[in-house]
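Below is one structure; the comments refer to it alone.
The values are calculated or read from the model by the stated rules, or taken from the named source; none is laboratory data. Since this is a predicted model, take the numbers as computed values, not measurements. Cβ: placed from backbone, ideal geometry, glycine included. Neighbour counts: every protein chain shown. Keep in mind that these areas ignore ligands, DNA and RNA; they rest on the heavy atoms of the full protein, side chains included. Shrake-Rupley method; radii C 1.70, N 1.55, O 1.52, S 1.80 Å.
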Amino acid sequence: MLIHVTKFEAARRQLNVAIRLMFDGIDPVVVHTLVGAASVLLGDLAGHHHPSGRWETLAQQANNLTEKAYFRVARYAQNFLKHADSDVDSVLEFDPIDTDALAFGAVMNVQLFDLLTVEESVLQLWYFACHYPSGDEPDELFSKAVGIFGDLREYDRDTRLRRAQDVMTRELRERSPK
């Protein structure tokens, strides 16, 4: 049996499974690989169809980075995990928080095309609850995120992931057909 899938559909499938795995506490390196693959597809699609709204472009501008500098940082771990042609003995100092940012950017690109799935919505609001800048005046999204998760900025990663898993499990249960 053949599976017919568009690049957008493939990216969403990768992203949604990666979000579930991340919130379940599954191997963060594997999760990063899936998120990275989805991120590339979604970034390319957004660049083609919505260039001014593409998350990568907005992040580059906000951080005053060139495109090359941005992608060198944003995709460093991802490139390490998929290539071994010139650095066969290298070791990666991997921080799973990089996966959070990559997944968030992928979700921001998804919403240029479609409504978010439960997984994508939970990830987006969870990210705001974890990473909203301390000095900034809370906006509507942060307030909504805190209403669902609490303010997670001071919690460790394991606690943050458990909170996300609890919310996602509840949301999936409430939205499933009875």
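A few remarks follow.
- Residue, modelled with the lowest pLDDT, within the stretch 140-161, restricted to residues that are surrounded by 14 or more Cβ atoms within 10 Å (Cβ to Cβ) and under 22 Å from residue 27 (Cα atoms): 157
- Selection of the stretch 127-157 for residues being closer than 17 Å to residue 22 by Cα and either in a helix (DSSP H, G or I) or touching a Leu at 6+ places or on another chain (Cβ under 9 Å) (or both) yields 127, 128, 129, 130, 131, 149, 157.
- For the criterion of being closer than 18 Å to residue 9 by Cβ, open to solvent by less than 80 Å² (accessible area, probe 1.4 Å) and not hydrophobic (A, V, I, L, M, F, W, C), residue 32 fails.
- Checking each residue of the stretch 114-126 against the condition of being part of a loop (DSSP other than H, G, I, E, B), polar (S, T, N, Q) and modelled with pLDDT of 95 or more gives at least one match.
- Screening residue 115 on (1) more than 15 Å from the chain's Cα centre (by Cα); (2) surrounded by 14 or more Cβ atoms within 10 Å (Cβ to Cβ); (3) closer than 23 Å to residue 9 by Cα shows it passes everything except condition (2).
- Some residue of the stretch 72-91 being in contact (Cβ under 8 Å) with a residue 12 or more places away in the chain, open to solvent by 40 Å² or more (accessible area, probe 1.4 Å) and either over 27 Å from residue 25 (Cβ atoms) or assigned to a loop (DSSP other than H, G, I, E, B) (or both): no
- Residues satisfying the stated conditions in the stretch 50-71, i.e. in a helix (DSSP H, G or I) and surrounded by 12 or more Cβ atoms within 10 Å (Cβ to Cβ): 55, 56, 57, 58, 59, 60, 69, 70, 71
- Criterion violated by residue 137 - all others in (1) surrounded by fewer than 15 Cβ atoms within 10 Å (Cβ to Cβ); (2) at pLDDT 85 or above; (3) acidic (Asp, Glu) satisfied: (2)
- Residue list for the stretch 97-112, restricted to those being open to solvent by 30 Å² or more (accessible area, probe 1.4 Å) and either under 23 Å from residue 9 (Cβ atoms) or part of a loop (DSSP other than H, G, I, E, B) (or both): 108, 111, 112
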